[in-house]
Ligand SMILES: CC(C)(COP(=O)(O)OP(=O)(O)OC[C@H]1O[C@@H](n2cnc3c(N)ncnc32)[C@H](O)[C@@H]1OP(=O)(O)O)[C@@H](O)C(=O)NCCC(=O)NCCS
């Protein structure tokens with residue numbers, strides 16, 4: 001795997017919720033995704049025009065977007081969308097990490113942050129949908145105890161947030177976040193965590 005500049009110690013990478021003014025950074029992140037990553041993320045091949053419109057829609061329609069930012073660029077992101085008319089309050093998460101920096105724990109960090117955010121917004125359930133051959137996403141979802149099922153040709157992961165003992169849950173998230181930061185440091189990535 002290429003040694004991307006995220007490993008530089010010049011400026012630490014940072015994970016935070018994106019602001020309205022971050023829209024161009026988010027759009028550019030999506031545009032840098034290669035065809036295979038786009039396919040995994042959107043469950044089909046999508047062109048630049050689609051991605052430009054999609055980024056704008058995310059920001060306009062009130063999705064939460066949490067990004068890993070390094071040297072002014074968003075290199076990875078987790079989106080949290082509300083599923084309208086679900087029988088219980090349900091958020092849907094989607095992830096994109098640029099190919100050059102995959103496999104360094106960024107997806108896991110983003111997952112933790114989006115999970116904590118979904119919990120803080122009072123969602124009772126978090127779902128993740130992907131195509132059935134997406135082993136990386138399935139492994140990531142399982143890591144956070146998602147129950148995976150095959151539905152309508154896709155794999156759907158569900159995490160029940162409703163009957164969680166809040167203190168234990170948050171403690172587990174914090175412990176997990178600390179472990180991941182240690183692991184990012186071990187891999188040479190200078191990382192600084194901030195509250196969303
Ligand atoms: C899925 C994705 C977000 C994971 O991001 P990442 O930064 O590589 O994730 P991590 O480095 O935290 O790895 C998470 C786990 O998946 C495993 N993993 C990573 N790539 C894998 C692969 N190709 N096959 C199997 N497992 C893989 C890692 O080993 C890790 O497990 P571990 O912690 O037990 O070792 C990233 O691969 C991606 O953006 N893919 C394209 C878009 C996509 O598929 N989005 C999901 C649909 S919403």
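Bear in mind these aren't lab numbers, they're just calculated from the coordinates by the rules spelled out. Quick caveat: nothing in here was measured; it's all calculated off a predicted structure. Cβ placement follows ideal geometry from the backbone for every residue including glycine, while neighbour counts extend to all protein chains displayed.
Residues that are closer than 21 Å to residue 21 by Cα and more than 8 Å from the ligand (Cβ to nearest atom) were ranked within the range 79-100; the one that is surrounded by the fewest Cβ atoms within 10 Å (Cβ to Cβ) is 81. Counting the residues of the range 75-108 that are in contact with a strand residue (DSSP E or B) (Cβ under 6 Å, 6 or more places away or on another chain) and within 19 Å of residue 14 (Cβ to Cβ) gives 13.
Of the set (1) over 17 Å from residue 146 (Cα atoms); (2) in contact with a helix residue (DSSP H, G or I) (Cβ under 7 Å, 6 or more places away or on another chain), all apply to residue 121 but (2). Among the residues of the range 128-149, the one identified as closer than 17 Å to residue 83 by Cβ and part of a helix (DSSP H, G or I) is 141. Quick one: is residue 115 surrounded by 22 or more Cβ atoms within 10 Å (Cβ to Cβ), closer than 30 Å to residue 32 by Cβ and near the ligand (Cβ under 10 Å from one of its atoms)? No: the conditions fail for residue 115. Going residue by residue through the range 128-146, is there one that turns out to be more than 15 Å from the ligand (Cβ to nearest atom) and surrounded by fewer than 19 Cβ atoms within 10 Å (Cβ to Cβ)? Checking the range 128-146: not a single residue is more than 15 Å from the ligand (Cβ to nearest atom) and surrounded by fewer than 19 Cβ atoms within 10 Å (Cβ to Cβ). Whether any residue in the range 17-38 is within 14 Å of the ligand (Cβ to nearest atom), within 18 Å of residue 144 (Cβ to Cβ) and in contact with a strand residue (DSSP E or B) (Cβ under 9 Å, 6 or more places away or on another chain) is what I want to check. Within the range 17-38 (the criterion being within 14 Å of the ligand (Cβ to nearest atom), within 18 Å of residue 144 (Cβ to Cβ) and in contact with a strand residue (DSSP E or B) (Cβ under 9 Å, 6 or more places away or on another chain)), the answer is no, since none of the residues qualifies.
Could you tell me which residue of the range 147-158 is nearest to the ligand (Cβ to nearest atom), considering only residues that are more than 13 Å from residue 95 (Cβ to Cβ) and touching a helix residue (DSSP H, G or I) at 6+ places or on another chain (Cβ under 7 Å)? Steps first, please.
Residues of the range 147-158 more than 13 Å from residue 95 (Cβ to Cβ): 147-156, 158.
Right, trim to touching a helix residue (DSSP H, G or I) at 6+ places or on another chain (Cβ under 7 Å) and you get 148, 155.
On the way: 148: 13, 155: 10 Å.
For the range 147-158, the residue satisfying everything is 155.
For the range 102-112, filtered to residues that are within 7 Å of the ligand (Cβ to nearest atom) and over 12 Å from residue 77 (Cβ atoms), the residue that is surrounded by the fewest Cβ atoms within 10 Å (Cβ to Cβ) is 103.
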